[in-house]
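Asks: Below is a structure I'd like to ask you about.
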Amino acid sequence: MSDSPSVDATDDDRAPELAHALVTGQFFLVYQPMFELNTSAFSGVEALIRWRHPERGVLAPAQFLRELESSGVIGAVGRWALATACHQGAEWHSRGYRLSVSVNVSSHQLNSPDFVDDVAIAITSSRLPPQALVLEIAGEALNETVAARLRSLHALGVRVAIDDFDPSLATLDAVALGPVDIVKLDRRVIARLSVQPGSSSELRALVAHADELGIRVIAAGIEDADQRRILQVEHVGAGQGFFFATPHEAHEIDSYLKGFAIFTGEPL
């Protein structure tokens, strides 16, 4: 649901405003393309929430996420985002674009006893193939209860990714029991690849261990060709970032797909 956990906070209680935004359709999703690093094949999108505020213009999550998380609206907004992304993904699949759709899931959603049902309803009502849905969660959100819910979803075919993963702060063994299919490298990990000696060897060890565990490593925040080259050398499978494409609304992704020469039917 989010691009970043940072926030431009205010002292206002925005709960009523956030509830109004949801029921009046002020929230919308944009989708950032993901690409296979070796082939440049377009293979997936990450759904990201935006708020079209009637007075302040389009707001990124950094400007309202903390208030959303502390309000009673976060559960409803999370269900809306999940359902919307699944229906859009199913629409693309119906036109032959077998891309994956990644959706950020808040800790509030993960801790809800209705979470598994919410996801099952979203994929059933949209007819999105379960294996095309990737739920991105924070590693620190994992606990025994959450892991049990993720195993139930895994049994349906839904895949799980750990978002913002930093091997200097966490280990794969700590998250592998999730169950986890993918770890997405934090943009700060990518940024230090070309400026900190030793970063590449750290990444190489991570990819090797992930391969042993059957976990795929992908990257977020790729900003330049040098970063992409290092990630390719270290066998990171796929990635996203402004080097490839900024987030787009669904109709813009439609045009993007039509004009994109290389497309893969393999999900991330």
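Per-residue answers, yes or no, for (1) over 30 Å from ARG229 (Cα atoms); (2) under 18 Å from the mean Cα position of the chain (by Cα); (3) surrounded by fewer than 17 Cβ atoms within 10 Å (Cβ to Cβ):
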{"residue": "PRO16", "(1), (2), (3)": "yes, no, yes"}
{"residue": "ALA19", "(1), (2), (3)": "yes, no, yes"}
{"residue": "GLY57", "(1), (2), (3)": "yes, no, yes"}
{"residue": "ALA60", "(1), (2), (3)": "no, yes, no"}
{"residue": "SER71", "(1), (2), (3)": "yes, no, no"}
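Asks: Any chance the range 191-214 includes a residue that's of a type outside the set (D, E, K, R), over 24 Å from VAL119 (Cα atoms) and under 18 Å from the mean Cα position of the chain (by Cα)?
Replies: no
Asks: Inspect the range 253-262 for any residue being aliphatic (A, V, I, L, M), surrounded by fewer than 14 Cβ atoms within 10 Å (Cβ to Cβ) and at pLDDT below 90 and give the result as yes or no.
Replies: Looking through the range 253-262, at least one residue is aliphatic (A, V, I, L, M), surrounded by fewer than 14 Cβ atoms within 10 Å (Cβ to Cβ) and at pLDDT below 90.
Asks: When you go through (1) in contact with a Lys or Arg (Cβ under 6 Å, 6 or more places away or on another chain); (2) surrounded by fewer than 22 Cβ atoms within 10 Å (Cβ to Cβ); (3) in contact (Cβ under 8 Å) with a residue 24 or more places away in the chain one by one for SER194, which number turns out not to apply?
Replies: (1)
Asks: If I filter the range 118-162 down to residues being within 20 Å of ALA83 (Cα to Cα) and charged (D, E, K, R), which single residue comes out as surrounded by the most Cβ atoms within 10 Å (Cβ to Cβ)?
Replies: ARG159
Asks: LEU193 versus (1) among the aliphatic types (A, V, I, L, M); (2) more than 20 Å from THR39 (Cα to Cα); (3) modelled with pLDDT of 95 or more: which is the lone unmet condition?
Replies: The one condition LEU193 does not meet is (3).
Asks: Which members of the range 191-213 meet the condition of being in a helix (DSSP H, G or I) and among the hydroxyl-bearing types (Ser, Thr, Tyr)?
Replies: Once the filter is applied, which keeps residues that are in a helix (DSSP H, G or I) and among the hydroxyl-bearing types (Ser, Thr, Tyr), the range 191-213 yields SER199, SER200, SER201.
Asks: Since LEU59 meets every condition but one in (1) under 19 Å from THR246 (Cα atoms); (2) of a type outside the set (Val, Ile, Thr); (3) touching a residue at least 24 places away in the same chain (Cβ under 8 Å), which condition does it not meet?
Replies: Failing condition for LEU59: (3).
Asks: Still on this structure, I have one more. Somewhere in the range 48-71, is a residue under 21 Å from LEU142 (Cα atoms), assigned to a helix (DSSP H, G or I) and hydroxyl-bearing (Ser, Thr, Tyr)?
Replies: yes
Asks: Within the set of pairs 6+ apart or on separate chains, which have a first residue in the range 127-140 that is within 18 Å of GLN32 (Cβ to Cβ) and free of Cβ contacts under 8 Å to residues at least 12 places away in the same chain, a second that is surrounded by fewer than 23 Cβ atoms within 10 Å (Cβ to Cβ) and of a type in the set (A, V, I, L, M, F, W, C), and C-beta atoms under 8 Å apart?
Replies: That search, which allows pairs on different chains as well, returns nothing.
Asks: May I pose another question? Yes or no: the range 6-26 includes at least one residue that is at pLDDT 95 or above, under 24 Å from THR246 (Cβ atoms) and in a strand (DSSP E or B).
Replies: Within the range 6-26, not a single residue is at pLDDT 95 or above, under 24 Å from THR246 (Cβ atoms) and in a strand (DSSP E or B).
Asks: Helices (runs of 4 or more DSSP H) wholly in the range 93-190 with at least 2 residues that are under 16 Å from the mean Cα position of the chain (by Cα) - which ones?
Replies: Result: 107-110.
Asks: When you scan the range 228-252, how many residues do you find that are over 20 Å from the mean Cα position of the chain (by Cα) and either buried (at least 16 other Cβ atoms within 10 Å of the Cβ) or assigned to a helix (DSSP H, G or I) (or both)? Walk me through how you get there before you give the answer.
Replies: Start the filter on the range 228-252 by keeping residues that are over 20 Å from the mean Cα position of the chain (by Cα), which leaves 229-230, 232-235.
Still in the list and also either buried (at least 16 other Cβ atoms within 10 Å of the Cβ) or assigned to a helix (DSSP H, G or I) (or both): 229-230, 232-234.
The number of residues fulfilling the criteria is 5.
Asks: If the requirement is being of a type in the set (Val, Ile, Thr), closer than 17 Å to GLN109 by Cβ and in contact with a helix residue (DSSP H, G or I) (Cβ under 6 Å, 6 or more places away or on another chain), which of these qualifies: ILE123, ILE190?
Replies: ILE123
The values are calculated or read from the model by the stated rules, or taken from the named source; none is laboratory data. Small disclaimer: the values here were computed from a predicted structure and weren't measured. Here the Cβ is made from the backbone with ideal geometry for all residues, glycine too, and neighbour counts use every protein chain on show.
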